[in-house]
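Peer 1: Here's a structure for you.
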Amino acid sequence: VPNDVLRRDLNVTTATAGGHTVATNLLAQDFITLLRNRMVIMGMGTRMLTGLQGNIAIPRQTGGATAYWVAESGAPTESQAAFDQITKSPKTVGAYSDISRKLLLQSSLDVEAFVRNDLATVLALAIDLAAINGQGAGNEPRGVLKVAGIGSVVGGANGAAPNWAHIVDLESQIAVANADVGSMGYLTNAKVRGKLKTTSKVSGQNGFVWEDGMVNGYNAAVSNQVPSNLVKGTSGAVASAIIFGNWSDLIIG
């Protein structure tokens, strides 16, 4: 009988038979960070207003004068521009963590710096999410997907897989409103990107809707901050959103 078999009464798998003698080395330098949704709003060209204190109002032109063709010596009808305001007031978002005195003294990590970074990250993600899908109620700002009166393209009564025609319709909605200027781009989630990467522009021909980070000639960004649990008709909570527009018209104070 081999000698190593005769000595197997002591082993590392049983604590009292030797496991208590094996050290555990904490590799703090190889700490594995949490996988989070990607923050994309600022990279889309969104405008950020800083240093604000009071409520703000941004004037906006809603109408213009009217041109008239008139006969010789005739006078056109009087007309003038019209204006309104877009108002903003502060909203508060917060997060906090408790750290014990002993954890501060004994942790192998710089636990205070870790918590500060974690809080800063979750706050930034909360602002990013609010800009996309904020409810506009319950102390939360209103995000793009909750703004009434902007153009929309509906795939079907109960939802539908996106295709090339839907993408072209999104561009057309913006162009019809004369808003196809500035920082134009697409934003959606990873599920939609995967679908568009395997969807041909024209059936039976080469060329996919999403290629090389571009959709229809415009930059396209991906974040799972864009919801994938929307409901359309009887679809259940499985529908996703695709947003296209001039992102410099989105203003965060």
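Peer 1: Could you grab me the full set of residues in the stretch 124-142 that are assigned to a loop (DSSP other than H, G, I, E, B) and either farther than 17 Å from Thr87 by Cβ or among the aromatic types (Phe, Trp, Tyr) (or both)?
Peer 2: Within the stretch 124-142, just Gly138 meets the criteria.
Peer 1: Looking at the stretch 192-224, which of its residues are β-branched (Val, Ile, Thr), farther than 20 Å from Ile132 by Cα and either within 17 Å of the chain's Cα centre (by Cα) or open to solvent by 60 Å² or more (accessible area, probe 1.4 Å) (or both)?
Peer 2: Thr198, Val202
Peer 1: Exactly one of these conditions fails for Ile32: (1) out of contact with any helix residue (DSSP H, G or I) (no Cβ under 7 Å at 6 or more places or on another chain); (2) hydrophobic (A, V, I, L, M, F, W, C); (3) more than 30 Å from Ile132 (Cβ to Cβ); (4) without any contact (Cβ under 8 Å) to a residue 24 or more places away in the chain. Give me its number.
Peer 2: The number of the failed condition is (3).
Peer 1: Right, another one. Tell me which residues, restricted to the stretch 157-170, are in contact (Cβ under 8 Å) with a residue 24 or more places away in the chain, surrounded by 12 or more Cβ atoms within 10 Å (Cβ to Cβ) and either within 17 Å of Ser248 (Cβ to Cβ) or over 20 Å from the mean Cα position of the chain (by Cα) (or both).
Peer 2: Asn158, Gly159, Asn163, Trp164, His166, Val168
Peer 1: I'd like to verify a number: residues in the stretch 96-118 that are under 28 Å from Gly51 (Cβ atoms), loosely packed, with under 13 Cβ neighbours inside 10 Å and aliphatic (A, V, I, L, M), how many?
Peer 2: 1
Peer 1: Do you know which residues across the stretch 18-42 are in contact with a strand residue (DSSP E or B) (Cβ under 9 Å, 6 or more places away or on another chain) and either part of a helix (DSSP H, G or I) or open to solvent by less than 100 Å² (accessible area, probe 1.4 Å) (or both)?
Peer 2: If the condition is that a residue be in contact with a strand residue (DSSP E or B) (Cβ under 9 Å, 6 or more places away or on another chain) and either part of a helix (DSSP H, G or I) or open to solvent by less than 100 Å² (accessible area, probe 1.4 Å) (or both), then Val40, Ile41, Met42 are the ones that fit.
Peer 1: Continuing with this model, one more query. Could you say which residue among Ser97, Ser79 is over 30 Å from Ile41 (Cβ atoms) and either among the aliphatic types (A, V, I, L, M) or in a loop (DSSP other than H, G, I, E, B) (or both)?
Peer 2: Only one candidate qualifies: Ser79.
Peer 1: Filter the stretch 143-156 down to the residues that are touching a Gly at 6+ places or on another chain (Cβ under 9 Å), surrounded by fewer than 17 Cβ atoms within 10 Å (Cβ to Cβ) and either assigned to a loop (DSSP other than H, G, I, E, B) or at positive phi (or both) and list them by number.
Peer 2: Scanning the stretch 143-156 gives Val147, Ile150, Gly151, Gly156.
Peer 1: Here's a follow-up. Those residues that are assigned to a loop (DSSP other than H, G, I, E, B) and open to solvent by 80 Å² or more (accessible area, probe 1.4 Å), I need them from the stretch 172-186; list them, please.
Peer 2: Asn178, Val181, listed by residue number.
Peer 1: Got at least one residue in the stretch 225-243 being among the polar types (S, T, N, Q), under 19 Å from Gly143 (Cα atoms) and surrounded by 17 or more Cβ atoms within 10 Å (Cβ to Cβ)?
Peer 2: Checking the stretch 225-243: at least one residue is among the polar types (S, T, N, Q), under 19 Å from Gly143 (Cα atoms) and surrounded by 17 or more Cβ atoms within 10 Å (Cβ to Cβ).
Peer 1: Within the stretch 94-103, how many residues are among the aliphatic types (A, V, I, L, M) and under 34 Å from the mean Cα position of the chain (by Cα)?
Peer 2: Result for the stretch 94-103: 2.
Peer 1: Given (1) of a type in the set (D, E, K, R); (2) touching a residue at least 60 places away in the same chain (Cβ under 8 Å); (3) open to solvent by 40 Å² or more (accessible area, probe 1.4 Å), where does Asp128 come up short, assuming only one miss?
Peer 2: (3)
The values are calculated or read from the model by the stated rules, or taken from the named source; none is laboratory data. Because the structure is a prediction, the values reported are computed rather than measured. All Cβ positions, glycine included, derive from the backbone under ideal geometry; neighbour counts span all protein chains shown. Protein only, heavy atoms only, side chains kept; ligands, DNA and RNA dropped before computing areas. Shrake-Rupley method; radii C 1.70, N 1.55, O 1.52, S 1.80 Å.
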